[in-house]
Amino acid sequence: MPAQLTLQKLTLVFGGAASGKSKYAEKLIFESGLERFYIATSQVYDDEMRAKVEQHKVQRGDGWTTIEEPINMSKALDNVSASGVVLIDCATLWLTNLMLGEADIDAMIPEFIEACRRCPAPVVVVSNELGLGIVPETSMGRRFRNLHGAMNQQIAAAADHVVFVAAGLPMVLK
């Protein structure tokens, strides 16, 4: 962990798939000593996703209050105590849910950021970095990559801390 990063209002932790970003974010929150809230954005549609969710639960360990909310981050964040800290894992799946549900993404991303800033507890958002990979083959894939990149940029601009994780190693960008 970098030189004792202290939790502030909003932290973005991002990196590639299986980069260690969730593990880093969980450690950051655990070391805060605050009451831990976990907002799960995934929707379980198959056995592979079910196994991934179970793996994350085991990795996190006990002592978390889990709020399952795939769309409405304002509603989820309203259920958090000021004495706690929130982990949203992850913004990539949240954006997927919005896109598949044909939501107004341009309106919902700023609303999401405002809800994070308004939350009475510090918020840590985990997100993927999709821009380092290959160009998606389909127009839908390219649209998602572009929306995702814009979302990460907006969250990073609003965040007090931004941490990039690669190969399990965190690099503080902001």
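Tabulated data
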| item | result |
| --- | --- |
| Sites matching chymotrypsin sites (Phe, Trp or Tyr not before Pro) across the range 1-51 that sit in DSSP coil, with at most 14 neighbouring C-beta atoms within 10 Å | Tyr45 |
| Contact order normalised by residue count of the chain, Cα under 8 Å, 6+ apart, percent | 38 percent |
| Charge dipole magnitude, Cβ of K and R +1, D and E -1 - the range 42-174, Cα centre, debye nearest 20 | 340 debye |
| Apportionment of accessible area to carbon and sulfur, the chain, percent (1.4 Å) | 54 percent |
| Selected from Gly149, Gly133, Gly15 as most flexible by GNM, with the chain as the system and alpha-carbon contacts under 10 Å | Gly133 |
| Solvent-accessible area per residue, Å², over the range 69-174 with all protein chains present [probe radius 1.4 Å] | 48 Å² |
| Spatial separation of Cα centroids for the range 70-106 and the range 148-167, in angstrom | 15 Å |
| Helix-only mean residue ellipticity at 222 nm for the chain, each DSSP H run of n ≥ 4 adding -39500 (n - 2.57), per residue, nearest 500 | -13000 deg cm²/dmol |
| Net charge dipole size for the range 99-174 [Lys, Arg +1 and Asp, Glu -1 on Cβ; Debye, nearest 20] | 200 debye |
| Per-pair calculated FRET efficiency, R0 = 30 Å: Ala51 and Glu102 via Cβ, rounded to 0.05 | 0.60 |
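The values are calculated or read from the model by the stated rules, or taken from the named source; none is laboratory data. Predicted, not measured: the structure shown is a model, and the values here were computed from it. Positions of Cβ are backbone-derived with ideal geometry, glycine not excepted, and every protein chain shown enters the neighbour counts. These accessible areas exclude ligands, DNA and RNA; they are computed on the full protein's heavy atoms, side chains included. Shrake-Rupley method; radii C 1.70, N 1.55, O 1.52, S 1.80 Å.
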